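Notes follow once the structure below has been shown.
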Amino acid sequence: MRLDLDTRRRRCGRVAHLAAGLLAVLSERSLAVPLLTFSPLTPTHFNLPANATAVVSYRVTHQAQATRSWQWQSIPGVTQMTGAAGECADPFTLAFQQSCQLDLRLDASQLGSGVQGGPVVCIAGSPLQCAQPAAADALDITVVAPPDALFADGFEAP
């Protein structure tokens with residue numbers, strides 16, 4: 001039994017549509033599991049006086065099966081702290097389900113008005129494969145004027 005040309009085209013169109021839908025679902029599932037997860041260990045949303053420093057820490061956990069080396073993308077006024085036990089090196093290598101602590105020192109005098117977003121960590125040598133905290137856990141630091149000085153008796157300086 002021969003199918004006419006229109007019937008064959010409709011069937012091919014349906015198969016192509018189903019294949020595209022399946023590809024979209026598979027792509028969404030692969031994107032649903034990030035390569036790294038960031039769990040904040042300190043507050044990530046705060047005001048920082050212009051003459052102060054602060055440390056923000058994240059637990060970074062590797063979720064991919066393959067071992068990868070990662071490097072954080074620098075932010076002006078923010079320095080990655082390395083060397084202490086458990087801290088992420090620069091760059092750092094993690095196997096599946098391994099984690100390290102990403103400690104970032106913020107120097108308000110070099111931050112401008114602050115930092116909104118990040119930190120961003122990329123596979124070493126591949127700036128197109130990057131990860132960062134969820135929006136709710138991303139850096140949201142606003143630099144504010146330093147508090148007025150107080151005299152020893154509690155009165156404010158003029």
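Values quoted throughout were computed directly from the atomic coordinates according to the rules given, and no laboratory measurement underlies them. Here the structure is a predicted model, which is why all the values come from computation and not from measurement. A quick note on method: Cβ atoms are made from the backbone with ideal geometry, for glycine too, and the neighbour counts reach across all protein chains shown.
General observations
- Residues listed by number, the stretch 126-149, amide nitrogen under 16 Å from GLN73 label point at 7 Å toward C-beta: 126-135, 138-140
- With a Förster radius of 22 Å applied to the beta-carbon distance between ASP107 and ALA134, the computed FRET efficiency rounds to 0.30.
- The stretch 59-105 - percent relative contact order, Cα under 8 Å, separation 6 or more: 54 percent
- The stretch 34-144: C-alpha pair distances exceeding 17 Å, %: 50 percent
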